[in-house]
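**Q** I'd like to ask you about the structure that follows.
The values are calculated or read from the model by the stated rules, or taken from the named source; none is laboratory data. Predicted model only: the values in this text are computed from it and were never measured. When we count neighbours, we look across all protein chains shown, and the Cβ atoms used for this are built from the backbone with ideal geometry, even at glycine.
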Amino acid sequence: MKYSRLSWQGLFVVLLASAWLSGCSGPREADYRFEVTFPAGTGGILVPVTVELPPGFADTAGAWEVLPRQGKTEESVYAQIIPVTPENPVLRAIFLWDPQTTGEPSVRQFILHRSPKPVMPAFSFEDTDSTHLAVLQEGKPVLAYTYGMYLKEGVPEDRRRSCYLSPVYGLDGELLSDDFPVDHFHHRGIFWAWPQVFIGGDSLSLWDIYRINQRFERWTVRQTGPVFARLEVENGWYAGEKKVAAETLKLTVYKAGKSGRALDVSLSWQALEEPIKIIGSSAEQKGYGGFSFRFAPFEGPVITTSSGTQAEDTNLLPFPWADLSARFNGTNDVSGAAIFENESNSGFPNGWTLRHYGFLGVAWPGLEPFTFQPGEPVETVYRVWLHRGNVADGKVKEAYEAFSEPAQGRLLNF
């Protein structure tokens with residue numbers, strides 16, 4: 001069969017147009033297609049989704065967007081890339097999505113592609129007084145990490161401390177955390193400490209800051225972007241001037257949605273020269289000590305757990321999560337915060353210390369001693385959910401489901 005020159009030119013134009021149209025309607029060569037399974041009951045909240053990127057992915061500084069494969073351009077959201085580090089050898093993209101699932105899990109396909117426009121980070125850091133590093137979203141404070149040795153005016157010198165989160169704010173700017181409350185000077189925002197610490201024959205207390213304290217040493221990660229702010233911190237436990245343990249904090253602060261904001265907290269400890277034993281308080285067998293949240297003054301507190309409303313203060317009853325909701329700052333608006341415990345934590349589900357004066361605490365290890373051994377790091381993982389409204393309006397149960405079954409993306413074209 002013979003073709004004229006005009007026919008060949010026409011065929012070339014058709015093929016070129018076809019390729020162009022294909023590129024407009026589907027994923028381009030540089031796009032990454034993936035699918036995500038969202039757990040049931042997670043509708044109405046922004047769920048963090050993690051996608052492991054393929055080997056050779058190198059554009060960690062560019063702006064990336066995520067678009068539903070069958071969706072519209074206006075539905076796109078930004079993704080943020082976590083660079084490779086010695087502890088995280090795989091590149092990951094993280095974005096936030098409301099899956100709108102109710103009774104059944106849902107599977108959706110997405111496209112990750114390079115955004116043609118640069119994107120400004122939603123978050124920023126501000127060192128306010130050489131003591132607190134504030135995390136801000138679009139200029140509004142979310143929380144601060146107290147890294148300097150801080151003492152409130154009028155409080156005894158032996159209450160000076162560092163290495164905790166305070167102040168912590170709700171979604172509408174209300175102050176949720178307390179520091180140096182007059183009934184318990186040693187309570188400090190979101191903190192982690194134990195009343196009984198034993199090193200050799202010495203008895204010390206991180207809870208009461210007696211003969212041992214936590215000290216900031218250095219920042220290892222300070223990252224901002226369109227999806228989250230990330231801090232990684234190295235601290236030390238010091239008995240006098242001797243460092244006895246290494247402590248690492250990894251904190252991720254996500255963008256707020258309509259109902260809430262997630263704070264992911266990972267803590268690890270490692271004894272240095274000799275074993276360190278920790279125990280909760282043995283006074284009246286209360287067992288308190290561990291990851292804790294002391295709330296700011298409020299009215300009308302309601303404490304809710306996975307088992308329902310807790311009308312009384314309790315000690316050591318096990319739950320996977322607990323929430324305190326109330327009216328803060330003298331307003332009529334209800335808000336609150338919940339703590340979720342990861343199933344990988346030692347002793348899960350651990351007992352709790354629940355107090356209607358304004359305290360939630362995961363009582364790990366409770367009354368059974370736990371020992372940190374030299375050379376053997378121990379990690380615990382939590383999510384704090386800051387929310388508007390009560391436990392239902394703040395979608396605490398939905399947020400816990402998203403935490404307990406993390407949404408993971410699976411690449412389809414690699």
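**Q** Would you mention how many residues in region 194-223 are more than 30 Å from the chain's Cα centre (by Cα) and polar (S, T, N, Q)?
**A** 1
**Q** I'd like the full set of residues that are in contact with an Asp or Glu (Cβ under 6 Å, 6 or more places away or on another chain) and polar (S, T, N, Q), limited to region 294-334.
**A** Selection gives Thr304, Asn329.
**Q** Sticking with this structure for a sec: Does Gly336 qualify as being at pLDDT 95 or above and buried (at least 23 other Cβ atoms within 10 Å of the Cβ)?
**A** Values: at pLDDT 95 or above: yes; buried (at least 23 other Cβ atoms within 10 Å of the Cβ): yes.
In short, yes.
**Q** Also, quick follow-up: Could you identify the single residue in Gly366, Gly330 that is closer than 24 Å to Ser177 by Cα and either buried (at least 23 other Cβ atoms within 10 Å of the Cβ) or acidic (Asp, Glu) (or both)?
**A** Numbers: Gly330 fails: either buried (at least 23 other Cβ atoms within 10 Å of the Cβ) or acidic (Asp, Glu) (or both).
After ruling out the rest, the residue left standing is Gly366.
**Q** Could you tell me which residue of region 63-90 is modelled with the highest pLDDT, considering only residues that are among the polar types (S, T, N, Q) and outside any strand (DSSP E or B)?
**A** Going through region 63-90, the residues among the polar types (S, T, N, Q) turn out to be 70, 73, 76, 80, 85, 88.
Remaining after also requiring outside any strand (DSSP E or B): 70, 73, 76, 85, 88.
Working: Gln70: 74, Thr73: 60, Ser76: 88, Thr85: 68, Asn88: 68.
So, considering only residues that are among the polar types (S, T, N, Q) and outside any strand (DSSP E or B), the one modelled with the highest pLDDT is Ser76.
**Q** For the structure I just gave you, tell me whether Asp313 is surrounded by fewer than 20 Cβ atoms within 10 Å (Cβ to Cβ), over 21 Å from Leu46 (Cβ atoms) and among the acidic types (Asp, Glu).
**A** Details: surrounded by fewer than 20 Cβ atoms within 10 Å (Cβ to Cβ): yes; over 21 Å from Leu46 (Cβ atoms): yes; among the acidic types (Asp, Glu): yes.
So Asp313 passes the test.
**Q** Answer yes or no as to whether Arg355 is of a type in the set (D, E, K, R) and either closer than 21 Å to His187 by Cβ or outside the structural domain of Phe298 (by TED's automatic domain parsing) (or both).
**A** Numbers: of a type in the set (D, E, K, R): yes; either closer than 21 Å to His187 by Cβ or outside the structural domain of Phe298 (by TED's automatic domain parsing) (or both): yes.
So Arg355 passes the test.
**Q** Given the structure, is Thr146 β-branched (Val, Ile, Thr), closer than 29 Å to Gly330 by Cβ and modelled with pLDDT under 95?
**A** Working: β-branched (Val, Ile, Thr): yes; closer than 29 Å to Gly330 by Cβ: yes; modelled with pLDDT under 95: no.
Judged against the criteria, Thr146 is not a match.
**Q** Tally up the residues in region 45-66 that are charged (D, E, K, R) and farther than 11 Å from Phe34 by Cβ, please.
**A** Taking region 45-66 and keeping what is charged (D, E, K, R), we get 52, 59, 65.
If we keep only those that are farther than 11 Å from Phe34 by Cβ too, we end up with 59, 65.
So the count comes out to 2.
**Q** Please verify whether Ser177 is within 26 Å of Gly389 (Cα to Cα) and touching a helix residue (DSSP H, G or I) at 6+ places or on another chain (Cβ under 9 Å), treating the condition exactly as stated. I'd like the intermediate steps shown before the answer.
**A** Values: within 26 Å of Gly389 (Cα to Cα): yes; touching a helix residue (DSSP H, G or I) at 6+ places or on another chain (Cβ under 9 Å): no.
Judged against the criteria, Ser177 is not a match.
**Q** Additional query: Just the residues that are more than 20 Å from Ala40 (Cα to Cα), among the hydrophobic types (A, V, I, L, M, F, W, C) and surrounded by 15 or more Cβ atoms within 10 Å (Cβ to Cβ), please, taken from region 376-414.
**A** Val378, Val381, Val384, Leu386
**Q** Restricting the search to region 277-301, which residues are surrounded by 13 or more Cβ atoms within 10 Å (Cβ to Cβ) and assigned to a strand (DSSP E or B)?
**A** Just the residues of region 277-301 that are surrounded by 13 or more Cβ atoms within 10 Å (Cβ to Cβ), to begin with: 277-281, 286-298, 301.
Answer for region 277-301, where residues must be surrounded by 13 or more Cβ atoms within 10 Å (Cβ to Cβ) and assigned to a strand (DSSP E or B): Lys277, Ile278, Ile279, Gly290, Phe291, Ser292, Phe293, Arg294, Phe295, Phe298, Pro301.
**Q** Mind listing whichever residues of region 286-311 are more than 21 Å from Leu263 (Cα to Cα) and in contact (Cβ under 8 Å) with a residue 12 or more places away in the chain?
**A** Filtering region 286-311 for residues more than 21 Å from Leu263 (Cα to Cα) gives 286-288, 297-302, 307-311.
If the condition is that a residue be more than 21 Å from Leu263 (Cα to Cα) and in contact (Cβ under 8 Å) with a residue 12 or more places away in the chain, then Lys286, Gly287, Tyr288, Pro297, Phe298, Glu299, Gly300, Pro301, Val302, Ser307, Gln310 are the ones that fit.
**Q** Looking only at residues in region 370-393 that are part of a loop (DSSP other than H, G, I, E, B) and within 21 Å of the chain's Cα centre (by Cα), which one is farthest from Gln196 (Cα to Cα)? Reasoning before the result, please.
**A** First, pick out the residues of region 370-393 that are part of a loop (DSSP other than H, G, I, E, B): 373, 375-377, 389-393.
Next, from what is left, pick out any that are within 21 Å of the chain's Cα centre (by Cα): 377, 389-393.
Details: Pro377: 19, Gly389: 36, Asn390: 35, Val391: 33, Ala392: 37, Asp393: 38 Å.
Filtering region 370-393 for residues that are part of a loop (DSSP other than H, G, I, E, B) and within 21 Å of the chain's Cα centre (by Cα), the one farthest from Gln196 (Cα to Cα) comes out as Asp393.
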